[in-house]
Amino acid sequence: MTRKPAILPLTGYADRLSARPGETLAFQISSETNADCEARLVRLVSADPNPDGPGRIEEDLGHIFATRFAARPQHHDVGSYAVLPAIALPPGPVTISARIWPTLVAGAERAVFSAFDPATGQGISLGLDADGRAMARLASGPDHSVVLRSEGAVPLRRWSRLWMCWDREAGRLRLGFEDLRPAFGSATPVDAQTALPPGLAPDLPAAWHLAALGRGTDGRMHGFFNGKIEAPEIRVGETLCAAWDFSRGISTTTLTETGPQGAHGRIVNMPARAMTGSGWTGRETCWRHAPEQYGAIHFHDTDLADCGWETDFTFTLPADLRSGIYAMRLTSGAQTDSITFFVPPPKSRRTADLCVLMSTFTYAVYVNFDRPDFDDSYRDRAEALGMEPLFPSDHPEYGYSTYNEHSDGSGICHASLLRPLMTLRPGYMNQNDPHGSGLRHFSADMHLIAWLEARGIAYDIVTDHELDAEGEALIAPYRCLLTGSHPEYHTEATLDALLAYRNTGGRLCYLGGNGFYWRVARHAEAPHMIEIRRGEGGIRAWASEPGEYYNAFDGAYGGLWRRQGRPPQALAGVGFLAQGTFEGSYYRLRPAARDPRASWIFAGLDGDILGDFGLSGGGAAGFELDRADPLLGTPGHALILARSEAHSERFILVHEEQLTHLKTLPGEPQADLIRAEIVFFETPAGGAVFSTGSITFCGSLPVAGFANPVAVMLENVVRRFLDPAPFAMP
């Protein structure tokens, strides 16, 4: 596979994904071009350039906002670390120690503790060398230094105590490590020492670091550590000068210093907290119940929480800007880019009876997904369809998705919005789809927006982020709420709001598959950050380590909502059960489709086959499938209107539906469970729910100029759901 050079020549991001009229967005841009940059506002209607569909449709709003600014490159650090204030060191031998659980060496120096300035070559540091051996450095400049190494390597993925002692009076440097959990019950500590040359007395910098060596002459941080660090401390003789207890303030970005100096630190680029430490016994898996066993932080050289770029321009949304989906279109010479953002209506107001809930938590979790099957065929297909030539595989400098792993093989559990979001660009191709456009998430949800625009159905946009912050009050005024194709990730607040909306008479249309599946959390100090723990089941790209299933951000049990008594069926009537390759099949109507309670849904349609076409995998029922299950909460009066069939052998049952290779939890044969179901039911408060059970459903809406059976069916549903006449629950 051919990889293109890193660094996009023109890119940027906004300080958040959504803003209301009257609010201000700040945009951070980096340009490697020599030409000035232009930013111009556009409203997005369709994001799919596939010639078999409506094409990309945008409204130029340069008359509302356009600006020019000087091009400049902006840079950032990829890798997490901690910043500490300098510690006052009284006379006497200085001992620095920490417990470490290293995960990767990979031919580079890795600092655990550093009071060292790489730019001047002065200071002290403790860590691992390029071969994984313990290493201590003492330097008064690049030509006046001592580096001491152990004979053997520190074991990977095992806890060791690492230490160095700088005896200033004796003129000696000592270094050692001890395996705290040796495989066979005992291990000999490793110890090395050397004499120091006369006059070696370094000036220590003002900022000290954990998990990184320091900032070099190139302005970047160097020497990132991969692995866990626990309980770093500094002693002079027998006197404690400083000690940091990472089991305190786990949900914060602060490192609490428990020694006499109160030298509290802060983490940078959001390393993973609530990690099992050297004293974890396995008897308690919730860090809130035994925080002293969770005093470790896992640092990675691939963490990225905030690029930290400077603002190039701001945009204050006009008070009369309509709710919708917008982009700031960037141009510099021959280079272009688009920064997508969402505009809900003014707070406590609605401008339509219908709202579309944009799955911004799911978008964030998938941002910059480096697909494991990516190859040059993706480039060829994207070029043939006129898609954006953006591929995360080419650009690790912007951080990867929580569907990827860090360089040390641990799962990425944090998602950030303060970086270029390649997968959130209109026209981004996610899948190599020979039967369609290969769109997922944001671009796929634009199929629904294009349909609403084509059918003249007024709508407001709201996002997961507003719903999480404001709850049911945000959506209560709307008669009908539509989800997009894949509302997979939710907080407790968003699920509570949707359930309350449904139960108080709201009309909910769930138009996707694999929705309401994983629990996520937002960081109280950094709301642009989302956390996901992947524990105990579920279709997942990686698995959390034992004992690390509880979120650090909010202390809640992570993983599947189903594991916490909230399966998707209990909200929407259907839930995830099978996944395959990105291909679509069709539904066949069932006898319930002729029930007078629901027959109006199929008015104007002929035949029993529905959706054997589409821009997503070639059919309306595909890729990830949901079905009804009364044992998991599907109401007893729900009608299964249609069921998909003819799925290929490439579809598999999700883990949580299987008990053994022969037995499934529902008791049906595995092959019979591979299906998507369209479900309808009424609620006691006069509302109703309509669910399609397939990720590829919305991809069928644009076919034939939006005049096709799938589009007709959905319009029947939406127009009836907008009718104030109450539904009657049998």
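Okay, residues lined up against (1) modelled with pLDDT under 95; (2) touching a Cys at 6+ places or on another chain (Cβ under 9 Å); (3) among the small types (Gly, Ala, Ser):
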position: PHE391; (1), (2), (3): yes, no, no
position: TYR403; (1), (2), (3): no, no, no
position: ASP408; (1), (2), (3): no, no, no
position: GLY411; (1), (2), (3): no, no, yes
position: LEU417; (1), (2), (3): no, no, no
position: PRO420; (1), (2), (3): no, yes, no
position: LEU424; (1), (2), (3): no, no, no
position: GLY427; (1), (2), (3): yes, no, yes
position: ARG440; (1), (2), (3): no, no, no
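For the range 576-605, which positions are in contact (Cβ under 8 Å) with a residue 40 or more places away in the chain and not in a strand (DSSP E or B)? If the condition is that a residue be in contact (Cβ under 8 Å) with a residue 40 or more places away in the chain and not in a strand (DSSP E or B), then ARG590, ALA592, ALA593, ASP595, ARG597, ALA598, TRP600, ILE601, PHE602, ALA603, GLY604, LEU605 are the ones that fit. I want to confirm something. Restricting to the range 353-378 and keeping residues that are in a loop (DSSP other than H, G, I, E, B) and open to solvent by less than 10 Å² (accessible area, probe 1.4 Å), which single residue is farthest from HIS465 (Cα to Cα)? For the range 353-378, the residue satisfying everything is ASN368. Summed over the range 184-208, residues that are hydrophobic (A, V, I, L, M, F, W, C), in a loop (DSSP other than H, G, I, E, B) and touching a residue at least 24 places away in the same chain (Cβ under 8 Å) total 5. Looking only at residues in the range 22-44 that are modelled with pLDDT under 95 and not charged (D, E, K, R), the one that is surrounded by the fewest Cβ atoms within 10 Å (Cβ to Cβ) is ASN34. A residue that is touching a residue at least 12 places away in the same chain (Cβ under 8 Å) and over 19 Å from MET164 (Cα atoms) occurs nowhere in the range 122-132. For GLY223, state whether it is in contact with a Leu (Cβ under 8 Å, 6 or more places away or on another chain) and touching a residue at least 24 places away in the same chain (Cβ under 8 Å). Spelling it out, GLY223 is indeed in contact with a Leu (Cβ under 8 Å, 6 or more places away or on another chain) and touching a residue at least 24 places away in the same chain (Cβ under 8 Å).
Taken over the range 355-368, the criterion of being over 21 Å from HIS523 (Cβ atoms) and not β-branched (Val, Ile, Thr) is satisfied by CYS355, LEU357. Scanning the range 656-678 finds one or more residues that are in contact (Cβ under 8 Å) with a residue 40 or more places away in the chain and closer than 27 Å to ALA458 by Cβ. Tell me the residue from GLY132, GLY176, GLY219, GLY214 that is under 33 Å from the mean Cα position of the chain (by Cα) and within 21 Å of ALA242 (Cβ to Cβ), please. Of the residues listed, the single one that is under 33 Å from the mean Cα position of the chain (by Cα) and within 21 Å of ALA242 (Cβ to Cβ) is GLY214. When ARG627 is tested against (1) touching a helix residue (DSSP H, G or I) at 6+ places or on another chain (Cβ under 8 Å); (2) farther than 30 Å from TYR428 by Cα; (3) not small (Gly, Ala, Ser), just one condition goes unmet, and that condition is (2). Where strands (runs of 3 or more DSSP E) fall wholly inside the range 1-97, the ranges with 3 or more residues that are more than 30 Å from ARG168 (Cβ to Cβ) and charged (D, E, K, R) are 37-46, 57-60. In the set LEU173, LEU138, LEU148, only one residue is touching a Leu at 6+ places or on another chain (Cβ under 6 Å) and touching a residue at least 60 places away in the same chain (Cβ under 8 Å); that residue is LEU138. State whether the residues of the range 687-699 include one that is open to solvent by 20 Å² or more (accessible area, probe 1.4 Å) and in contact with a helix residue (DSSP H, G or I) (Cβ under 9 Å, 6 or more places away or on another chain). No. Close contacts from the range 75-103, counting a first residue that is within 19 Å of GLY176 (Cα to Cα) and a second that is among the polar types (S, T, N, Q) and open to solvent by 10 Å² or more (accessible area, probe 1.4 Å), with Cβ to Cβ under 6 Å and a gap of 6+ residues or different chains, come to ARG99/SER278. Applying the condition of being part of a helix (DSSP H, G or I) and over 33 Å from the mean Cα position of the chain (by Cα) to the range 700-720 and asking which residue is surrounded by the most Cβ atoms within 10 Å (Cβ to Cβ) yields MET713. Taken over the range 418-443, the criterion of being under 19 Å from GLU488 (Cα atoms), assigned to a loop (DSSP other than H, G, I, E, B) and touching a strand residue (DSSP E or B) at 6+ places or on another chain (Cβ under 9 Å) is satisfied by LEU421, ASN430, GLN431, GLY438, ARG440. Scanning the range 544-575 for residues that are of a type in the set (A, V, I, L, M, F, W, C), outside any helix (DSSP H, G or I) and over 20 Å from the mean Cα position of the chain (by Cα) yields a single hit, VAL574. Could you please let me know if LEU448 is over 29 Å from ARG534 (Cα atoms), buried (at least 24 other Cβ atoms within 10 Å of the Cβ) and in contact (Cβ under 8 Å) with a residue 60 or more places away in the chain? Judged against the criteria, LEU448 is a match.
Answer yes or no as to whether ILE64 is under 27 Å from TYR400 (Cβ atoms), of a type in the set (A, V, I, L, M) and open to solvent by 30 Å² or more (accessible area, probe 1.4 Å). So ILE64 does not fit the description; no. Here the range 255-306 is the region considered, the condition is being more than 30 Å from ASP15 (Cβ to Cβ) and basic (Lys, Arg), and the residue that is least open to solvent (accessible area, probe 1.4 Å) is ARG288. Could you figure out which of (1) surrounded by 14 or more Cβ atoms within 10 Å (Cβ to Cβ); (2) modelled with pLDDT under 95; (3) not β-branched (Val, Ile, Thr) isn't true of ALA19? The number of the failed condition is (2).
Selection of the range 396-417 for residues being in contact with a helix residue (DSSP H, G or I) (Cβ under 8 Å, 6 or more places away or on another chain), in contact (Cβ under 8 Å) with a residue 40 or more places away in the chain and in a loop (DSSP other than H, G, I, E, B) yields TYR400, THR402, TYR403, LEU417.
Within the range 153-171, restricting attention to residues that are within 39 Å of the chain's Cα centre (by Cα) and open to solvent by less than 30 Å² (accessible area, probe 1.4 Å), which residue is farthest from PHE225 (Cα to Cα)? Here the answer is MET164. For the range 515-531, the criterion of being of a type in the set (Val, Ile, Thr), touching a Lys or Arg at 6+ places or on another chain (Cβ under 8 Å), open to solvent by less than 10 Å² (accessible area, probe 1.4 Å) and at pLDDT 95 or above is satisfied by at least one residue. A search for C-beta distances below 7 Å between a residue of the range 470-487 that is within 23 Å of PHE582 (Cα to Cα) and open to solvent by 10 Å² or more (accessible area, probe 1.4 Å) and any residue that is of a type outside the set (Phe, Trp, Tyr) and at pLDDT 95 or above, counting only pairs 6+ apart in sequence or on different chains, returns nothing.
Would you call ALA47 among the aliphatic types (A, V, I, L, M), closer than 18 Å to PHE442 by Cβ, open to solvent by less than 70 Å² (accessible area, probe 1.4 Å) and in contact with a Gly (Cβ under 9 Å, 6 or more places away or on another chain)? Against the criterion (among the aliphatic types (A, V, I, L, M), closer than 18 Å to PHE442 by Cβ, open to solvent by less than 70 Å² (accessible area, probe 1.4 Å) and in contact with a Gly (Cβ under 9 Å, 6 or more places away or on another chain)), ALA47 qualifies.
The values are calculated or read from the model by the stated rules, or taken from the named source; none is laboratory data. Being a predicted model, the structure only gives us computed values, none of them experimental. Methodologically, a virtual Cβ is constructed for each residue, glycine included, from the backbone with ideal geometry; neighbour enumeration extends over all protein chains shown. Accessible surface areas use protein heavy atoms only, side chains included; no ligands, DNA or RNA. Shrake-Rupley method; radii C 1.70, N 1.55, O 1.52, S 1.80 Å.
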